[in-house]
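Trainee: Right, I'll just put the structure down here and ask away after.
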């Protein structure tokens, strides 16, 4: 027994040590990584390239009554034109205000004590001004809609009879298109909004209110759902702690329903953005919708390309807004299963 | 900002950039010309210097655009922004609601609003923007049928004016088959509606009546007329939804340019030097801002004068109007009608220097008789439901058309030496009896009911 | 007298016709500072019982009083530790307990509230997890937070609704010791519901079984005279413990068993007398038919 052990030990001492090589990435691991990168980035890039190719083929080969459909390069060119036009207009505006400042100084020097009226530059809004106007309008409408939808949704979720009373109206008004609301809203705003010093343009208000009316439904329904499906245990906690109803809503019900509310808000913003473009076309709010309609009325050979630039802009902005809301939604979510 | 993109891309943009910078310099110079609130000759200041006017994208909004671009508004101490509107109804509504201070309007709009057709509000006009400027275009298919019906038309340069009698047999054929021809016009009280009806009625075709509560105006019609917004007219014509339309420019020339239709007649040939667009404001606004209104009219008169001053000016105007914030159509399409020519069939381009008249022939004076003509047409087709005595016509015209404001503006301009005293007509507001109509009937503004009785087609008094 | 008293409390659910009587004639008296364990089967109505005491539901008949005041609605004087912990998942440990403290003592200064909360966090040994959200805690830790929250309300009586049922055996053991330790510090009155008799006997002063449902009622109360502090390992050999355990389990099983011996169906079995195979018999013939018992009897009676 002991001899064998000694032999083995001798052999072990003589055996050369195998040098340790550093760990090598196997072929399979590299393949795996490449596949993941391809799937995440490569696939969309390729599909985008295919889309551009098909588009340019269709554009050059399909002839329409009104000339040809603009291809990707024509649209890109128009985007450049709009960009330059924006900066040219800004230049004019700066010059105008410089002149105006001189006038003002002159006038006040000659007529001390009198007031120089508040003059604004009267050039047409540029494409980027219009984008800003659209964004302002959609956020205003979204805010108005949410300020109505969230409280009403909470009450709907808490009280079954209230929900039953309100539900028929929700179901009837939810499917109404913005183009149907708009004339009514415009007439009402025209008749009722006549303050001596208006803060808002009537067209702006009409568009914002129409956006609110169409976009408040997802938030309302989701809020009601979120409040109604609150875990009974949380309400029991509230009862044991004898929380007043305001504290209950603020500390227990709202935080619990917040993920649902944010889902609703996200849907609402998406709907609102779509509705806005249609509303602006008719209400004449100087935003992207009006831009499209004006370009259409021009009927020039650049019209289709300009409208396509607007289409892509609308799409990208809608996408960005959605991502923003998703981010906010993630921030307020909690893992509901981990009570 | 100078990128490495190919010069091709940048060419248009560079031109635009230079254009707009040049304009910036011009605007600056205009500002420098006269101190906006300096005491002017009469020692008056405007009540409301910052104004917003609306317009529709048609070439006869030119006086407004030129008044702004050439600095005439600046000279009067006005800071005007011009905003294109979606359609005539919205434009009128926004003027009435106060969102727009004033607008480029169809001559029929102040009239209809004041007497209560479509809406009720007191709208007045102190300035007529232009004469003529419309055309009637038919589809290629209809033109071929017309040429078959009347071989005289089947030549490269058919004799003008083309009356609707070539259309009459086609109209009858279609009506009997149960598919009456459809025509488009821009608004129930638009000049286009009335000129189209006049043209059709002159050949004995009934364009329909607005009687017995029919607001579409298709009662007893041989052809059906409907409202279509101007930008959609070429498209609907190409689709075959309508087979012809009456509209202002650039939509007739667009049809020729794109090969989808043939303009057959201009309203110049229906009624030589007919009133077309006006500048309208609400009576309330005019009451609150009298000096501002006079200043606006002054600027507009100067713009009209500039437009008719030379061929060169017209070319410059085409370039300005082709900018996307104004009419936006391609420059050469606008030039086709604004620089003294008009293209009918493709290749049939004729000299028509009076297609648009902005100043000559007292184009800018708001004559009562012009207003009365529109009132007679409204009565002829039933938009005015009952017969009215001659005095009513005159009294209504005096409510709506305001030559007194025009004259105050004109006098100020004469004093400043901007226009000649011979440019302003000496008149009591009624033009002399006029028989330059396609059917030869004489129109005397003082006797509207007699005029109505002369028509074969149409409601009598 | 009793600090907490239940007199003839009954509770049932459902409309008349399809009514289930969950609890019937519950009578209970708990003294101040006592630790009472109620043990029973799952579904017997234990949660219903604790909810009645907490005031979350109202009894159909009978009365519940705490300190001679009728219990009509829930309140922080009866601190309840729910079976599902019921921690608010959007609040951290600190904030969860702070909510309870703020509701009970709104007039305290912020500093005082903070110290109070931290004292209870320390009491359950969770100071390290003070700012964690419930989803970041294990089941045992969540239960401890729940207990701390209930204690932070400074209730007159602490109600534990099967607090340890959802945990694994090892964590259970740790937490049992925690509960024991906490009770020794404060000597709060505790009523604990459990489905484990061992746990009940280990922790409580008195253990009462709840019979199987429906119509569950409390069985006899068993006083636990094992001295504290109780040693987990040693207790298994304690004869009193073993006896108690046996009695409780017997009682529980009997209560369940009694229900099952109720005759619901009558089956008529064949009354055939089995053959005695020891008697030799002929292989052929003489094979008689099976004898029926009733026939045998008749023969005997005649004879």
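Trainee: Part of a helix (DSSP H, G or I) and more than 14 Å from chain A (Cβ to nearest Cβ): which single residue out of B:319, B:314 fits that description?
Mentor: Matching residue, one of B:319, B:314: B:314.
Trainee: Then there's this: Of the residues B:438, B:419, only one is buried (at least 17 other Cβ atoms within 10 Å of the Cβ), in contact with a helix residue (DSSP H, G or I) (Cβ under 7 Å, 6 or more places away or on another chain) and not assigned by TED's automatic domain parsing to the domain that holds residue B:285; which?
Mentor: None of the other options fit; the residue is B:438.
Trainee: Still on this structure, please answer the following. May I ask you to list the residues in segment B:43-70 that are within 16 Å of residue A:96 (Cα to Cα), surrounded by fewer than 24 Cβ atoms within 10 Å (Cβ to Cβ), within 12 Å of chain A (Cβ to nearest Cβ) and modelled with pLDDT of 90 or more?
Mentor: B:69
Trainee: Considering only segment A:75-99, state which residues are farther than 30 Å from residue A:300 by Cβ and more than 8 Å from chain B (Cβ to nearest Cβ).
Mentor: The answer is A:97, A:98.
Trainee: Please go through segment A:232-253 and pick out each residue that is facing chain C (nearest Cβ under 8 Å) and not in a helix (DSSP H, G or I).
Mentor: A:241, A:242, A:243
Trainee: Modelled with pLDDT of 90 or more, within 30 Å of residue B:331 (Cα to Cα), in contact with a strand residue (DSSP E or B) (Cβ under 9 Å, 6 or more places away or on another chain) and part of a helix (DSSP H, G or I) - does that describe any residue in segment A:279-291?
Mentor: yes
Trainee: Are any of the residues in segment A:259-272 closer than 30 Å to residue C:76 by Cβ and more than 14 Å from chain C (Cβ to nearest Cβ)?
Mentor: So far as segment A:259-272 goes, no, none of its residues is closer than 30 Å to residue C:76 by Cβ and more than 14 Å from chain C (Cβ to nearest Cβ).
Trainee: Same structure, new question: Residue B:380 - would you say it is in contact with a helix residue (DSSP H, G or I) (Cβ under 8 Å, 6 or more places away or on another chain), crowded, with 18+ Cβ neighbours inside 10 Å and within 25 Å of residue B:195 (Cβ to Cβ)?
Mentor: Against the criterion (in contact with a helix residue (DSSP H, G or I) (Cβ under 8 Å, 6 or more places away or on another chain), crowded, with 18+ Cβ neighbours inside 10 Å and within 25 Å of residue B:195 (Cβ to Cβ)), residue B:380 qualifies.
Trainee: Anything in segment A:184-211 that is over 17 Å from residue A:133 (Cα atoms), facing chain B (nearest Cβ under 10 Å) and part of a helix (DSSP H, G or I)? List them, or say none.
Mentor: The answer is A:186, A:187, A:189, A:190, A:191.
Trainee: Oh, and also: With the checklist (1) within 14 Å of chain C (Cβ to nearest Cβ); (2) within 30 Å of residue A:306 (Cβ to Cβ) in hand, flag the one item residue A:289 doesn't pass.
Mentor: Among (1) within 14 Å of chain C (Cβ to nearest Cβ); (2) within 30 Å of residue A:306 (Cβ to Cβ), residue A:289 violates only (1).
Trainee: Still on this structure: Can you name every residue in segment A:115-130 that is within 9 Å of chain B (Cβ to nearest Cβ) and in contact with a helix residue (DSSP H, G or I) (Cβ under 9 Å, 6 or more places away or on another chain)?
Mentor: Scanning segment A:115-130 gives A:116, A:119, A:121, A:122, A:123, A:124, A:125.
Trainee: Let me ask you something else. Can you list the helices (runs of 4 or more DSSP H) lying wholly within segment B:329-422 that have 1 or more residues being farther than 21 Å from residue B:259 by Cα and touching a residue at least 40 places away in the same chain (Cβ under 8 Å)?
Mentor: Those helices (runs of 4 or more DSSP H) span B:368-380, B:390-400, B:403-416.
Trainee: Could you grab me the full set of residues in segment C:214-237 that are part of a strand (DSSP E or B) and surrounded by fewer than 18 Cβ atoms within 10 Å (Cβ to Cβ)?
Mentor: Answer for segment C:214-237, where residues must be part of a strand (DSSP E or B) and surrounded by fewer than 18 Cβ atoms within 10 Å (Cβ to Cβ): just C:223.
Trainee: When residues of segment C:73-95 are filtered for being out of contact with any strand residue (DSSP E or B) (no Cβ under 9 Å at 6 or more places or on another chain), more than 9 Å from chain A (Cβ to nearest Cβ) and closer than 22 Å to residue C:183 by Cα, how many remain?
Mentor: Residues meeting the conditions: 2.
Trainee: Could you tell me whether residue C:44 is closer than 23 Å to residue C:211 by Cβ and part of a strand (DSSP E or B)?
Mentor: Taking the combined requirement at face value, the residue does not satisfy it.
Trainee: Also, quick follow-up: Based on this model, can you work out whether residue A:205 counts as free of Cβ contacts under 8 Å to residues at least 40 places away in the same chain, crowded, with 16+ Cβ neighbours inside 10 Å and under 30 Å from residue B:119 (Cα atoms)?
Mentor: When the stated conditions are applied, residue A:205 passes them.
Trainee: Looking only at segment B:220-237, count every residue that is in contact (Cβ under 8 Å) with a residue 24 or more places away in the chain and either over 19 Å from the mean Cα position of the chain (by Cα) or away from chain A (no Cβ under 14 Å) (or both) and tell me the total.
Mentor: Within segment B:220-237, residues that are in contact (Cβ under 8 Å) with a residue 24 or more places away in the chain and either over 19 Å from the mean Cα position of the chain (by Cα) or away from chain A (no Cβ under 14 Å) (or both) number 9.
Trainee: Right, here's the next one. Tell me, please, whether a residue that is more than 21 Å from residue B:371 (Cβ to Cβ), in a helix (DSSP H, G or I) and under 23 Å from the mean Cα position of the chain (by Cα) can be found in segment B:182-194.
Mentor: Within segment B:182-194, none of the residues are more than 21 Å from residue B:371 (Cβ to Cβ), in a helix (DSSP H, G or I) and under 23 Å from the mean Cα position of the chain (by Cα).
Trainee: A further question follows. Provide a single number: the residues in segment B:240-291 that are buried (at least 24 other Cβ atoms within 10 Å of the Cβ), within 13 Å of chain A (Cβ to nearest Cβ), assigned to a helix (DSSP H, G or I) and touching a helix residue (DSSP H, G or I) at 6+ places or on another chain (Cβ under 6 Å).
Mentor: 4
Trainee: Something else now. Quick one: is residue A:138 part of a helix (DSSP H, G or I) and away from every other protein chain (no Cβ under 14 Å)?
Mentor: Spelling it out, residue A:138 is indeed part of a helix (DSSP H, G or I) and away from every other protein chain (no Cβ under 14 Å).
Trainee: Looking at segment A:49-74, which of its residues are crowded, with 16+ Cβ neighbours inside 10 Å and facing chain B (nearest Cβ under 10 Å)?
Mentor: Once the filter is applied, which keeps residues that are crowded, with 16+ Cβ neighbours inside 10 Å and facing chain B (nearest Cβ under 10 Å), segment A:49-74 yields only A:66.
Trainee: From A:117, A:112, grab the single residue that is in contact with a strand residue (DSSP E or B) (Cβ under 8 Å, 6 or more places away or on another chain) and either without any contact (Cβ under 8 Å) to a residue 12 or more places away in the chain or assigned to a helix (DSSP H, G or I) (or both).
Mentor: A:117
Trainee: Counting just the residues of segment C:105-137 that are under 28 Å from the mean Cα position of the chain (by Cα) and crowded, with 19+ Cβ neighbours inside 10 Å, which one comes out farthest from the other protein chains (Cβ to nearest Cβ)?
Mentor: Looking at residues that are under 28 Å from the mean Cα position of the chain (by Cα) and crowded, with 19+ Cβ neighbours inside 10 Å, I get C:123.
Trainee: What number of residues within segment B:320-351 are loosely packed, with under 14 Cβ neighbours inside 10 Å and either closer than 21 Å to residue B:131 by Cα or not assigned by TED's automatic domain parsing to the domain that holds residue B:84 (or both)?
Mentor: Final tally of qualifying residues: 2.
The values are calculated or read from the model by the stated rules, or taken from the named source; none is laboratory data. These numbers come from a predicted model, not from an experiment. Positions of Cβ are backbone-derived with ideal geometry, glycine not excepted, and every protein chain shown enters the neighbour counts.
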